[in-house]
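Everything on this sheet refers to the single structure shown next.
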Amino acid sequence: PGRGGRRMTTETPDRQTLDSGVRIVWGVGSLVGAVVLAGIAGAVGFATVERILRPAGVTFLVAAVLGVVYTLARYRAWWYAVEADSLHLSRGVLTYVHTVVPFVPVQHVDVSRAPLERALGLSSVVVYPAGSRGADLTLPGLTPQRAPRLQHRPQRLAIAAARARAPH
């Protein structure tokens, strides 16, 4: 959020949202985290008051509800836009981040599909800007039709830029 709690805006046209299936991917991650926390709470509860169920159950319930709320807020906050020469990513629930990645120079772009993403028919695109060690950007929740188009765009733009710079 910007000043006064309002979100920063951009003049970026053609905003795209992530596929709604990404909420399931993120929600499953939250529930796995809730189970782990509940296990820890159950172990601590057993070690201190010889009860497992109550601390584990309460911890799971609170963590699961917070995880679902956070997942829904995260989904609502995410958008991206593909412009002629750049990719805009906007995301964040507690901390709002708007990133602009120029397609030239991009080192390479990967399309990945984890098992749960494959089951839901989703892909993620990972952009590796040239000269920025460890600063890769992941665009999750894309359909397999959208991901390859986004993957090949920087390559086409880099070839066009090289041709424009080449002596005639």
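The values are calculated or read from the model by the stated rules, or taken from the named source; none is laboratory data. Because the structure is predicted, anything quoted here is derived from the model rather than measured. Cβ coordinates were reconstructed from backbone atoms using ideal geometry, including for glycine residues, and neighbour counts include every protein chain displayed. To get the accessible areas, we keep the full protein, side chains included, count just its heavy atoms, and leave off ligands, DNA and RNA. Shrake-Rupley method; radii C 1.70, N 1.55, O 1.52, S 1.80 Å.
Residues that are assigned to a strand (DSSP E or B) and of a type in the set (A, V, I, L, M) within the range 93-108 comprise Val97, Val100, Val101, Val106, listed in sequence order. His108 passes every criterion in (1) open to solvent by less than 70 Å² (accessible area, probe 1.4 Å); (2) closer than 19 Å to Arg149 by Cβ apart from (1).
What about Gly42, is it on the phi > 0 side of the Ramachandran plot and surrounded by 14 or more Cβ atoms within 10 Å (Cβ to Cβ)? No, not satisfied. In the range 85-97, is there at least one residue being more than 19 Å from the chain's Cα centre (by Cα) and either modelled with pLDDT under 90 or closer than 22 Å to Asp136 by Cβ (or both)? Yes: the range 85-97 contains one or more residues that are more than 19 Å from the chain's Cα centre (by Cα) and either modelled with pLDDT under 90 or closer than 22 Å to Asp136 by Cβ (or both). Among the conditions (1) over 27 Å from Gly27 (Cβ atoms); (2) aliphatic (A, V, I, L, M); (3) assigned to a helix (DSSP H, G or I); (4) open to solvent by less than 40 Å² (accessible area, probe 1.4 Å), Ala56 misses just one, which is (1).
Looking at this structure, is Arg149 under 30 Å from Arg165 (Cα atoms) and loosely packed, with under 13 Cβ neighbours inside 10 Å? Judged against the criteria, Arg149 is a match. Restricting attention to the range 111-145 and to residues that are touching a residue at least 12 places away in the same chain (Cβ under 8 Å) and in a helix (DSSP H, G or I), the residue that is surrounded by the fewest Cβ atoms within 10 Å (Cβ to Cβ) turns out to be Leu116.
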